[in-house]
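**Student:** Questions regarding the structure given below will be posed in turn.
Derivation of every value follows stated rules applied to the coordinates shown; laboratory data play no part. No experiment lies behind these values; they were computed from the predicted model shown. Because the Cβ atoms are built from the backbone with ideal geometry, glycine has one as well, and the counts that use them run over all protein chains shown.
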């Protein structure tokens, strides 16, 4: 009897343990986010609330997080890399650290906004534009290519932010399309026009509004953000010709680390970023372009479907070091 009772107790303990495994709480995931907490923190909180999955976020510069991932390798604690830039995703993917995403998830986004090998997917888009003083200039006064701004007529009238990651991604795109020597020539032409230097895109928009410069090289959404806060009716975005490097449409995006110990939860996070709720958030809160069909983009800019972009694989924007070297050699960066 005693032996039978002990056997019964063991079976009960096993049953409880197995039941607990079958109904375990969702695991936590770690996200390395090159997107700032101010931009995506509320969205991540929504994901936690809706799924019960705890998200530990390490915020930082996109390029620095990519370098950290490459250093950590298979020992990284990260499950998801949420990057501000497709080039950084391309660099991590090239190292073999990102797993292939499910086809159903990838197909929510057009081919041009995802990895050809399926290792990362864009979550929102941003177009390079030239912001301009609409009180002083008409669209017909503006060049249709970024090369046009090397003309002497633009001397002293341009604002740029050479330390900004989006500007550097544009230069990388220019290199891919036209070659390194052409990129150097473009930089020399702009430098000869004595552009005003700013630390980021938002001050460029303000400088145009204040009359410090007539034009500036930025992403489309900076003007939309400023208009929400200040109005700025006499400032506008100019979209360059679709095959031009100045018309680059880059993406923020996400990939899942092959080292992830919670791949199912990581996939749920990426799926959430591509869900209708998140895509509407990007349009209304960050003024970026949603990448999933059927979701309206932000007001005040052309629909994404109407925009062409240069024929490059966004993954190939990964050569940031080559771009930084050229910027330094041309005296644009110290």
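**Student:** Which ordering of 163, 323 is given by a fewest-first count of other beta-carbon atoms within 10 Å?
**Tutor:** Placing the least packed residue first, the sequence is 163, 323.
**Student:** What angle do you read, to the nearest 10 degrees and between 0 and 90, between the alpha-carbon axis of helix 221-230 and the longest principal axis of the chain?
**Tutor:** 80
**Student:** Next question. Based on DSSP H runs of at least 4 residues, each adding -39500 (n - 2.57), what is the mean residue ellipticity at 222 nm of the chain after dividing by all its residues, to the nearest 500 deg cm²/dmol?
**Tutor:** Helices in the chain give a 222 nm mean residue ellipticity of -12000 deg cm²/dmol.
**Student:** Give me the number: length gained by fully extending residue 38 to residue 185, i.e. 0.36 nm times residue separation minus the C-alpha to C-alpha distance, one decimal in nm.
**Tutor:** 49.2 nm
**Student:** With viscosity set to 0.890 mPa s at 25 °C, what whole-number translational diffusion coefficient in µm²/s follows for region 236-334 from Stokes-Einstein and a Kirkwood radius over Cα pairs?
**Tutor:** Estimated via Stokes-Einstein, D reaches 150 µm²/s.
**Student:** Expressed as an acute angle from 0 to 90° and rounded to the nearest 10, what is the orientation of the C-alpha long axis of helix 165-178 relative to the principal long axis of the chain?
**Tutor:** Roughly 70 degrees between the two axes.
**Student:** Further, regarding this structure: Using alpha carbons only, how many angstrom separate the centre of region 175-235 from the centre of region 278-323?
**Tutor:** 18
**Student:** Using the Cα gyration tensor of region 278-334, with a ≥ b ≥ c the square roots of its eigenvalues, what is the shape: rounded (a/c below 1.5), prolate (a/b larger than b/c) or oblate (neither)?
**Tutor:** Taking the square roots of the gyration eigenvalues as a ≥ b ≥ c, region 278-334 is prolate.
**Student:** Arranged by the count of other C-beta atoms within 10 angstrom, fewest first, what order do 59, 289, 221 take?
**Tutor:** Sorted ascending by nearby Cβ count, the order is 59, 221, 289.
**Student:** Could you compute the FRET efficiency for residue 110 and residue 67, with r as their C-beta to C-beta distance and R0 at 22 Å, rounded to 0.05?
**Tutor:** 0.15
**Student:** How much length would be gained if the chain were fully extended between residue 56 and residue 178, taking 0.36 nm per residue of separation minus their Cα-Cα distance, in nm to one decimal?
**Tutor:** Full extension of this stretch gives 39.8 nm more.
**Student:** Rounding to the nearest 10 and keeping the result within 0 to 90°, find how far the Cα-based axis of helix 201-210 lies from the longest principal axis of the chain.
**Tutor:** 40
**Student:** With r defined as the distance between the Cβ atoms of residue 196 and residue 241 and R0 fixed at 30 Å, what FRET efficiency is calculated, to the nearest 0.05?
**Tutor:** Approximately 0.75, to the nearest 0.05.
**Student:** Follow-up question, since we're still on this one. So for 238, 220, fewest C-beta neighbours within 10 Å to most, what's the order?
**Tutor:** Least crowded to most crowded, the residues run 238, 220.
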